[in-house]
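The values are calculated or read from the model by the stated rules, or taken from the named source; none is laboratory data. Since the model is a prediction, treat every value here as computed from it, not as a measurement. When we count neighbours, we look across all protein chains shown, and the Cβ atoms used for this are built from the backbone with ideal geometry, even at glycine.
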Amino acid sequence: MSRQLHLLAFGNVRSGGAWRLPGVENGPEHRLRALVKTAQTAEEAKFDAIFFADGLNFGPEATWAHKATEDFEPLTATSFLAAVTERLGLVVTGSATFQPPYHLARQLLSLDHLSAGRAGWNLVTSFAKAAASNFGDRGFLPHDERYRLAEETLHVVRELWHSFEPETVVEDRRAGVYSDIAKIHVADHDGEYHRVRGPLGAAPSRQGEPVVFQAGSSATGRAFAAKHAEVVFTGQTDAGRATSFADALRAQARAAGRAVVPLITPSLGVVVGSTDAEAEAVERTVYEHFIPEFQAGWLLEVDVDVVGADLDGPVPASAFPETTETHQTALAGYKHLATAGNPTVREFLYRTLTAFGARFVGSAERVADEIERWFALGAADGFIVSTSGLPGQFELFAEQVVPILVRRGLFRADYEGTTLREHLGLPRPAYTRSRWGGDITQRLVR
């Protein structure tokens, strides 16, 4: 089978000014309707999944006056969407830093069962100090320590996901025995950060377990992703940088002994028009309504400080620390955005609407050309697509860009499977253990 492009939709409205764009209706009921419409449009276009980021906080205080409130909790939102979709994957962010592994394992496996095998877990090592202040017992952790914690959390979660062997449930009505207890396994984990006995009272899901996404791009994050991630969510501003990142990560995964290397899906902001000029006019509308003060406040989470700077002056070098314990990749990405082409502070802040990812603006053909170029270079196996929150833009992408990708043989005309793993072409994990409650040795089987 030839290599296939993957498309995921952002479920979040990332732009701080999206609530003031023309045609946007605000409030929880309108946000829910828009979310359902996005999910169902994505499914009609045969997207792999809808993806939800999460920060476990309302953001720095400098953003509060400008930020809309209807950013639903991802597990709750995707549980609702599981009932109004049939094939679309549902990827949620869960923090290995602040969320206990038993809760993560139970919630994610429940979503996987409720959606008939469509769940994915974006495993994050939460960096925001505002999030740490909501979880006082643990507090803020240094960068590399967060990855040590994540390693242990993932290990425990996977042990719990496989508490039941595939043939555990016997459902012997005559004897009154539902499960063969010889096939139920207790994790009995006692590690540096977690003590978890188990078991989890659930059998493996239709796809074996939720797909593991990961977004680290620092040296430590890349090593973690190369070892564990099945899909890597990253931010890359141009095809050259993206290709270098992807090549290095795939090589690192192979060096770690992985036969199946991670899929790489950068974030992508798109604005589509019937012509390039029309798309550029839409882009001007988004630019006129974005809120620089919100973006400046949001960047404080990654130690980038342009609050109070002259919006029409150059980006001050003092805005960027030499290093950070929050998000090292973000810091490097934003430094690049602030220097490429010498933007003003206002222009730099606008570039951050799609974090430090790519942005394609133009006709459907032009956007499809850029997607194909990145895919052909190996810079991306697919994209997580955001359309700036402007009503109708995601529908335009689905109706105009996706058919071009289908005609070019890059993207599916229809789903071939029912689970998220099948959409992504990923193998079903199977596990053996040298001893139950000890290390899991993962082997991938097709």
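Here residue 125 does not qualify as in contact (Cβ under 8 Å) with a residue 12 or more places away in the chain, more than 18 Å from residue 214 (Cα to Cα) and of a type in the set (Ser, Thr, Tyr). Residues in the stretch 118-142 that are farther than 19 Å from residue 59 by Cα and either buried (at least 24 other Cβ atoms within 10 Å of the Cβ) or under 19 Å from the mean Cα position of the chain (by Cα) (or both): 118, 119, 120, 121, 122, 123.
Residues in the stretch 129-149: is at least one at pLDDT 95 or above, touching a Phe, Trp or Tyr at 6+ places or on another chain (Cβ under 8 Å) and either assigned to a loop (DSSP other than H, G, I, E, B) or not basic (Lys, Arg) (or both)?
From the stretch 129-149, those at pLDDT 95 or above are none; that's our starting set.
Looking through the stretch 129-149, none of the residues is at pLDDT 95 or above, touching a Phe, Trp or Tyr at 6+ places or on another chain (Cβ under 8 Å) and either assigned to a loop (DSSP other than H, G, I, E, B) or not basic (Lys, Arg) (or both).
Here the stretch 180-228 is the region considered, the condition is being among the charged types (D, E, K, R) and free of Cβ contacts under 8 Å to residues at least 12 places away in the same chain, and the residue that is farthest from residue 250 (Cα to Cα) is 197.
Within the stretch 117-128, identify whether any single residue is of a type in the set (D, E, K, R) and touching a strand residue (DSSP E or B) at 6+ places or on another chain (Cβ under 7 Å), and answer yes or no.
Of the stretch 117-128, the ones of a type in the set (D, E, K, R) are 118.
Imposing the further condition that a residue be touching a strand residue (DSSP E or B) at 6+ places or on another chain (Cβ under 7 Å) reduces the set to 118.
Scanning the stretch 117-128, I find at least one residue that is of a type in the set (D, E, K, R) and touching a strand residue (DSSP E or B) at 6+ places or on another chain (Cβ under 7 Å), so the answer is yes.
Output the residues belonging to the stretch 335-350 that are without any contact (Cβ under 8 Å) to a residue 60 or more places away in the chain and of a type in the set (A, V, I, L, M, F, W, C). Please lay out each step first, then the result.
Of all residues in the stretch 335-350, those without any contact (Cβ under 8 Å) to a residue 60 or more places away in the chain come to 335, 338-339, 341-349.
Correct list: 338, 345, 348, 349.
When you check residue 58 against the structure, is it crowded, with 16+ Cβ neighbours inside 10 Å and aromatic (Phe, Trp, Tyr), yes or no?
Numbers: crowded, with 16+ Cβ neighbours inside 10 Å: no; aromatic (Phe, Trp, Tyr): yes.
So residue 58 fails the test.
Determine which member of the set 7, 35, 81, 75 is part of a helix (DSSP H, G or I) and either under 19 Å from residue 269 (Cα atoms) or of a type in the set (Ser, Thr, Tyr) (or both).
Details: 7 fails: part of a helix (DSSP H, G or I); 81 fails: either under 19 Å from residue 269 (Cα atoms) or of a type in the set (Ser, Thr, Tyr) (or both); 75 fails: either under 19 Å from residue 269 (Cα atoms) or of a type in the set (Ser, Thr, Tyr) (or both).
Unique residue meeting the criteria: 35.
Within the bounds of the stretch 291-306, is there any residue that is surrounded by fewer than 20 Cβ atoms within 10 Å (Cβ to Cβ), over 26 Å from the mean Cα position of the chain (by Cα) and either over 24 Å from residue 360 (Cβ atoms) or at pLDDT 90 or above (or both)? No, the stretch 291-306 has no match at all.
Quick test for you: out of 359, 373, pick the one residue that is surrounded by fewer than 22 Cβ atoms within 10 Å (Cβ to Cβ), modelled with pLDDT of 90 or more and in a helix (DSSP H, G or I). First the steps, then the outcome.
Values: 359 fails: in a helix (DSSP H, G or I).
Going through 359, 373 in turn, just one is surrounded by fewer than 22 Cβ atoms within 10 Å (Cβ to Cβ), modelled with pLDDT of 90 or more and in a helix (DSSP H, G or I): 373.
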